[in-house]
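This report concerns only the one structure given below.
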Amino acid sequence: MYRESLVNLIRQECGNPMFGVEVGVHRGATSAILLRTFPQLVLAMVDLWGEWKDVTPHTLEEQKQFRQQAMASTNFAESRRWIIGEDSAEAASVLLGGWWCPQTHKWDFVFIDADHSYEACRRDLGAWLPVVKTLFCGHDYGKPEFGVTQAVDEFCEEQGMKVNVTEGHIWWVRK
Ligand SMILES: C[S@@+](CC[C@H](N)C(=O)[O-])C[C@H]1O[C@@H](n2cnc3c(N)ncnc32)[C@H](O)[C@@H]1O
């Protein structure tokens, strides 16, 4: 459901995007849909696939398997995916540096779906805003068990940006 909403939102705001980022990839189900739907898309897939404080914690061995699944599910678009197995904020600074592909200094969209705690979400928002050209969005807005809503509302108010919400608990901002 949220994946369909995300695809519709990206189409609405970016048309046929050339460069996008998913922060928090897990098994790669969303990455695969994005790469299939947008045939020109180069997708940066960011996930530490390591230790973090999830509500349902996974072992390092499980995280390793999730990374392999993410790779397997996007192998059909091997030349268009860029797997970045690093912490979110570090990955943002790598992309901002533009060393990999200088023309992508700004990415058409960034979808944030990593650590949903308030502190981590605030950190992700600050790290990724400078990377985005058009659509800044994320998952699990409006769910009381997460800190996403408070982090997004506070951050966007400070930045003078209007928060929009669409089906599937997706928040988004047009930059
Ligand atoms: C909710 S899952 C992502 C789901 C995925 N977006 C999807 O639609 O299928 C959250 C992921 O964020 C990753 N994660 C948590 N903290 C992170 C961090 N600081 N940096 C990068 N990835 C992180 C976890 O390893 C986990 O795979």
Inset, instruction - Scan segment 1-31 for residues that are part of a helix (DSSP H, G or I), buried (at least 17 other Cβ atoms within 10 Å of the Cβ) and near the ligand (Cβ under 9 Å from one of its atoms) and jot them down. - result: L6, T30, S31
Inset, instruction - Tell me the strands (runs of 3 or more DSSP E) entirely within segment 117-175 that contain at least 2 residues that are touching a residue at least 24 places away in the same chain (Cβ under 8 Å) and buried (at least 17 other Cβ atoms within 10 Å of the Cβ). - result: 132-139, 170-174
Inset, instruction - Scan segment 74-99 for residues that are part of a helix (DSSP H, G or I), hydrophobic (A, V, I, L, M, F, W, C) and either in contact (Cβ under 8 Å) with a residue 40 or more places away in the chain or more than 8 Å from the ligand (Cβ to nearest atom) (or both) and report the count. - result: 7
Inset, instruction - Answer yes if at least one residue in segment 60-73 is of a type in the set (S, T, N, Q) and either assigned to a loop (DSSP other than H, G, I, E, B) or more than 13 Å from the ligand (Cβ to nearest atom) (or both), and no otherwise. - result: no
Inset, instruction - Give segment 34-55 a look and list any residue that's closer than 14 Å to L95 by Cα and either more than 13 Å from the ligand (Cβ to nearest atom) or in contact with an Asp or Glu (Cβ under 6 Å, 6 or more places away or on another chain) (or both), or say none. - result: V42, M45
Legend entry - segment 32-60 residues that are polar (S, T, N, Q), paired with ones that are outside any loop (DSSP other than H, G, I, E, B) (beta carbon under 7 Å, 6 or more apart): T37/V7
Legend entry - Filter result for the condition that a residue is among the aliphatic types (A, V, I, L, M) and within 19 Å of R3 (Cβ to Cβ), over A77, A92: A77
Inset, instruction - Return the total of residues in segment 9-41 being polar (S, T, N, Q) and farther than 13 Å from F111 by Cα. - result: 4
Legend entry - Selection count where residues are over 16 Å from the mean Cα position of the chain (by Cα) and closer than 18 Å to T30 by Cβ, scope segment 133-164: 2
Inset, instruction - Can you give me the number of residues within segment 12-55 that are under 16 Å from A120 (Cβ atoms) and out of contact with any strand residue (DSSP E or B) (no Cβ under 6 Å at 6 or more places or on another chain)? - result: 11
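Each reported figure results from applying straightforward, stated rules to the coordinates on display, with no laboratory input. Worth saying up front: this structure is predicted, and the values here are computed from it rather than measured. So basically every Cβ, Gly included, is an ideal-geometry build from the backbone, and we count neighbours across all protein chains shown.
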